[in-house]
Amino acid sequence: MDFGVSPATEKLCTEVAAFADEVLAPCNASDDAAGVLRPELIAQLGAAGLLGLRVGTGYGGRGLSCVDTGMALEVVARANFTACYPILNHALIADVLASNDHPAGLSELASGTALAALCLTEPEFGSDAAHIATVAEPDGSGWRISGVKASIMLGTLATHGVVFARTGGPGARGVTAFYVPLDGVTRTGSRDIGNRAGGRATLEFDGLRAEADDVIGAVGGGFVQVMRGFDYSRALIALMCLGCAQAALDDAWARARERTAFGKPIGSFQGVAFPLVEHQTMLRGARLLALEALWRKDNGLAHSAEAGMVKWWAPKAAMDAAHQALLTFGQHAWSEESPMGQRMRDVIGLQIGDGTAQVAKLVAARAILGRDAAP
C-alpha cells in the first residue's frame, strides 16, 4: 500500500495551489460580500485548465484521473470554496456525457465557453428526485421542457444544463436527462447563508426546446444512467469540504503556537490543543476514505458504499472543524474580516446539496446490505 503521490500529481497540486493563491484567494471575501457569481471567475478557471480536468485530451481537456481531480479540488477549496463549484459540475457532467456517448459540448466545458449546471432539484422534490414534476413533451423531432428547478448552483450564469424531465410514467424509469442550452430560461437568484457567490437560483422552463440529439443515453433511462455518476461526485464534494476545513484548522494551529495567555502559547493548554487534534483526526480519516472512493472509481471497482459514507461524514466533520477553528481565535474570528465564519457557512451547504446525510447513508446501506435487506 502506497500513501504517496506521483510526481505528476505533486506538480498538478503545486500548479493549482499557485493559481489559487494568486487569482482565487484575493477575491474570496469580496465575492462573498457582493454575493454575485462573476463571469470573470469562469473565464479564469477555464484559462487555467480547471474546467476540463475530466474532459479527454481530444476535446481540449486534461483527462485526469478521479483521484487527481479530487486533489485539485481540495487545493482550490483551501483558497476559494465557491470556485470549486464550476470545477465540480464540469467534472461530473463531462463524465456523464462521455460515458453515455454524448461528446457534444465537451470542448466548450473544458474551455469555459460553456458553464454547465445540474438541473435536478425542484421546489417539492429534492431527496425524492425520482418523482420530479418537470415534463418534456414530444414536439416534432424533439421535445419541449416545462417546469421549475430549484436550488440550482451556478444557475444565474449557466449557459447549459443537464435537465431532468419526465417523459414517461411515474418513478425513475419515466425520467429522461437532456443536455441543453438554457437560452430563454427565467432565473431568480437566491440570497444564501453560505456560498453567497455561487449563483444558486430557481430556473423556470416554459417550453424550452430540446432536440433529439440532446437526450443523454436513452429516453426514460436518464435518471438511472446519470445518477450513477453521483457516487463519484460525492467523493469530490467531500474533498472540497475537507480542503476548506483544513485551511481553517491550519490557521487555528498557527494561532495556538503564536497566541499567548498566562505567559505561554495557548496551544500548551489541553483545552485548546486536544479539540484541534480531535478534528484533525476526523479530517484525516475522511480524506483517506474520499481518496479510496475515487481510487476505486479509477480502477473500475464498486465505490457506492465508500462515496455514501464520506458524503455524510466529510461535510459534518468539516463544519465541526471550522467551528472549532473559529472558537480557537475567539473574539478575533467574530468578524467579517476573518475568513473563519465564511468557511463554516460555506461547508454547511454541502450537508444539504447533492444529497442529505440521510440519503448518503441510505446509499451506503443499500451497497452494503443489498436493496432487499436495506431501508
Quiz prompt | Residues of segment 28-47 satisfying the condition of being β-branched (V, I, T) and within 15 Å of V76 (Cα to Cα) | solution = I42
Exercise. Give me a count of the residues in segment 169-188 that are part of a strand (DSSP E or B), touching a residue at least 24 places away in the same chain (Cβ under 8 Å) and either under 17 Å from A133 (Cα atoms) or of a type outside the set (D, E, K, R) (or both).
Key: 6
Quiz prompt | Residue check, R296 assigned to a helix (DSSP H, G or I) and either touching a residue at least 12 places away in the same chain (Cβ under 8 Å) or open to solvent by less than 50 Å² (accessible area, probe 1.4 Å) (or both) | solution = no
Self-check item: Answer residue from segment 50-84, given it is without any contact (Cβ under 8 Å) to a residue 24 or more places away in the chain and among the small types (G, A, S) and is surrounded by the most Cβ atoms within 10 Å (Cβ to Cβ) among those
Solution: G63
Quiz item: Checking F125 against (1) touching a residue at least 24 places away in the same chain (Cβ under 8 Å); (2) in contact with a His (Cβ under 7 Å, 6 or more places away or on another chain), which single condition isn't satisfied?
Solution: (1)
Quiz prompt | Breaking point among (1) open to solvent by 60 Å² or more (accessible area, probe 1.4 Å); (2) not in a helix (DSSP H, G or I), for S335 | solution = (1)
Exercise. Run L118 past the list (1) surrounded by fewer than 23 Cβ atoms within 10 Å (Cβ to Cβ); (2) under 21 Å from A357 (Cα atoms) and report the number of the one that doesn't hold.
Key: (1)
Quiz item: When you go through (1) over 19 Å from D206 (Cβ atoms); (2) open to solvent by 30 Å² or more (accessible area, probe 1.4 Å) one by one for H160, which number turns out not to apply?
Solution: (1)
Exercise. For residues that are over 18 Å from L92 (Cα atoms), open to solvent by 10 Å² or more (accessible area, probe 1.4 Å), part of a helix (DSSP H, G or I) and touching a Lys or Arg at 6+ places or on another chain (Cβ under 9 Å), tally how many sit in segment 210-246.
Key: 1
Exercise. Report the residue count in segment 189-209 for those that are open to solvent by less than 60 Å² (accessible area, probe 1.4 Å), of a type in the set (A, V, I, L, M) and assigned to a loop (DSSP other than H, G, I, E, B).
Key: 1
Quiz item: Failed condition for M153, given (1) open to solvent by 10 Å² or more (accessible area, probe 1.4 Å); (2) more than 20 Å from G229 (Cα to Cα); (3) touching a residue at least 60 places away in the same chain (Cβ under 8 Å), with all others met?
Solution: (2)
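Name every residue in segment 264-287 that is open to solvent by 80 Å² or more (accessible area, probe 1.4 Å) and assigned to a helix (DSSP H, G or I), in order of residue number.
Residues of segment 264-287 that are open to solvent by 80 Å² or more (accessible area, probe 1.4 Å), as a first pass: 264, 270, 274, 278, 281-282, 284.
Result: Q270, F274, E278, T281, M282, R284.
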Practice problem: Name every residue in segment 302-327 that is open to solvent by 20 Å² or more (accessible area, probe 1.4 Å) and more than 18 Å from the chain's Cα centre (by Cα), in order of residue number. | Solution: A302, D320, H323, Q324, L327
Exercise. Determine whether segment 127-138 contains at least one residue that is at pLDDT 95 or above, surrounded by fewer than 22 Cβ atoms within 10 Å (Cβ to Cβ) and touching a Lys or Arg at 6+ places or on another chain (Cβ under 6 Å).
Key: yes
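The values are calculated or read from the model by the stated rules, or taken from the named source; none is laboratory data. Keep in mind it's a predicted model, so treat the numbers as computed, not measured. Glycine also receives a Cβ, built like all others from the backbone with ideal geometry; neighbour counts cover every protein chain displayed. These area figures cover heavy atoms from the full protein model, side chains too; ligands, DNA and RNA do not enter into them. Shrake-Rupley method; radii C 1.70, N 1.55, O 1.52, S 1.80 Å.
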